[in-house]
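Shown next, in structure tokens, is the structure this report addresses.
The values are calculated or read from the model by the stated rules, or taken from the named source; none is laboratory data. It should be emphasised that the depicted structure is a prediction, and the values quoted were computed from it without experimental measurement. Counting neighbours? That spans all protein chains shown, and the Cβs are built from the backbone with ideal geometry, glycine included.
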Amino acid sequence: MDPSRDPGRGARPEVWVNCAASFDGRLAYADGARARLSSSEDLVRVQKLRRDSDAILVGVGTVVKDDPSLRVHWELLGEPVGRNPTRVVVDGSGRTPESARVLDATTPTIIATSRRSTRHFPPHVRVVVCGERRVEIPELFLRLHDLGVRRILVEGGAAILSSVLRSGLFDRLTVYTAPVGIGGATAPPVLAGPETRGSDETVDLHLVGIDRVGEGFVATYTPRRDPEPRPAPLG
């Protein structure tokens, strides 16, 4: 099956999910405080992913907490400044701060929101409505494809990662695992969301490869579309 199509729904972009986590699977410190988990070597890898993407997608929580520019840091690549990918912010209620760097006019930006939002954004920002009370990821991906986005890099945060991974609407997942543990009850995990009650609710992956990057490693996965039979539990 063509990975850019989903039966009965039409075309969507190629979706690459990427994140950095501690060895115990946490994305940040307690209460979502930003943790710089990527090594210098991994930062270069991430910039290459951004360079090769048409768009970078994050949730509004990441914008509020970290105020990222979501641009390619060409200086880390040792390359002349080129085209930056379109920035896509999932913001169902219109919480993006007016001062957020994603709202500057330096790079095209799309705000994906819902019909309940009454927020008005600057005229240079494209607003895409995808849902009644919240942004529906499947609809958003279809709309982005219609707008010419063919490859999208999903960078987080926890809510967006969970939504995309649980939907199964992704083609590749790369996780940089840093040699550090965070622990605790409020540090966000790679996979959040509802409780998993059984094997039929898990996110099933196929391991493509593992590469050492600095003092950590990057594991690359693809979704397991047709899960293999699971062994019976030991009695």
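Looking only at region 111-127, decide whether some residue is under 26 Å from Ala33 (Cα atoms) and without any contact (Cβ under 8 Å) to a residue 24 or more places away in the chain.
Checking region 111-127: at least one residue is under 26 Å from Ala33 (Cα atoms) and without any contact (Cβ under 8 Å) to a residue 24 or more places away in the chain.
Looking only at residues in region 100-123 that are hydrophobic (A, V, I, L, M, F, W, C) and surrounded by 12 or more Cβ atoms within 10 Å (Cβ to Cβ), which one is nearest to Val81 (Cα to Cα)?
That would be Val102.
Looking only at region 117-169, count every residue that is part of a helix (DSSP H, G or I) and under 19 Å from the mean Cα position of the chain (by Cα) and tell me the total.
Number satisfying all stated conditions: 19.
If we keep just the residues of region 146-179 that are among the small types (Gly, Ala, Ser) and touching a Ser or Thr at 6+ places or on another chain (Cβ under 7 Å), which is farthest from Val218 (Cα to Cα)?
In this case the residue turns out to be Gly157.
Can you find, within region 72-97, the residue that is surrounded by the most Cβ atoms within 10 Å (Cβ to Cβ) among those that are acidic (Asp, Glu) and assigned to a loop (DSSP other than H, G, I, E, B)?
Asp91
Of the conditions (1) under 26 Å from Ala185 (Cα atoms); (2) among the polar types (S, T, N, Q); (3) modelled with pLDDT under 95, Thr118 satisfies every one except a single condition; which number is it?
Single failed check for Thr118: (1).
I'd like the residue in region 197-235 that is modelled with pLDDT under 95 and of a type in the set (Lys, Arg) and, out of all such residues, is nearest to Arg45 (Cα to Cα).
Among residues in region 197-235 that are modelled with pLDDT under 95 and of a type in the set (Lys, Arg), the one nearest to Arg45 (Cα to Cα) is Arg224.
Of everything in region 188-222 that's in a strand (DSSP E or B) and touching a helix residue (DSSP H, G or I) at 6+ places or on another chain (Cβ under 8 Å), which residue is surrounded by the fewest Cβ atoms within 10 Å (Cβ to Cβ)?
So, considering only residues that are in a strand (DSSP E or B) and touching a helix residue (DSSP H, G or I) at 6+ places or on another chain (Cβ under 8 Å), the one surrounded by the fewest Cβ atoms within 10 Å (Cβ to Cβ) is Pro189.
Kindly establish whether Val81 is under 23 Å from Gly148 (Cβ atoms), free of Cβ contacts under 8 Å to residues at least 40 places away in the same chain and hydrophobic (A, V, I, L, M, F, W, C).
Against the criterion (under 23 Å from Gly148 (Cβ atoms), free of Cβ contacts under 8 Å to residues at least 40 places away in the same chain and hydrophobic (A, V, I, L, M, F, W, C)), Val81 qualifies.
Suppose we filter region 17-55 for residues that are part of a loop (DSSP other than H, G, I, E, B) and loosely packed, with under 15 Cβ neighbours inside 10 Å; how many remain?
The qualifying residues number 6.
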